[in-house]
Amino acid sequence: LDPQGQLLAKSWSSLFEGQASAAPRGPIYSFNGRNVLTDPLWPRRLAWHGSTQRGGQARRRDCQGWRSSGPGEGLAAPLGEGRLLAGQRHNCSEA
């Protein structure tokens, strides 16, 4: 459940296994209460994670420990596809 009490997924493991039922249901809110799936402040709608598909740390793929917005790479997954640990590479300078 999210802070508003809405069900995001049927199970914890379904979020990471890419099952059809894993796509988050309803809105996903940022810490400041914005719906990241519809708010224009979130143009790319990515979940930045820096993890391998099995949940381990992806070395050199976490924007230097999430401290850099420079030319490095981070791993992120598109929200709404149901695979939160999908390993798509993105430049750390992306919004």
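Just the number please: accessible area per residue for the range 21-95, 1.4 Å probe, all protein chains included, in Å².
Numbers: 4780 Å² over 75 residues.
Averaged over the residues of the range 21-95, the accessible area is 64 Å².
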Taking θ = phi - 60°, what integer Hz values does the Karplus form 6.51 cos²θ - 1.76 cosθ + 1.60 yield along the range 34-44, in sequence order, with x for Gly and Pro? 8, 7, 5, 7, 10, 6, x, 5, 10, x, 8
Figure the gain on full extension for ARG60 and ASN91 (residue separation times 0.36 nm, minus the Cα-Cα span) and round it to one decimal in nm. 10.0 nm
Using 0.36 nm times the number of residues separating SER69 and LYS10, minus their current alpha carbon distance, what extension gain do you get? 17.8 nm
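The values are calculated or read from the model by the stated rules, or taken from the named source; none is laboratory data. Keep in mind that this is a model prediction, so the values were computed, not measured. For the accessible areas, the whole protein counts, side chains as well, though only heavy atoms, and no ligand, DNA or RNA atoms are used. Shrake-Rupley method; radii C 1.70, N 1.55, O 1.52, S 1.80 Å.
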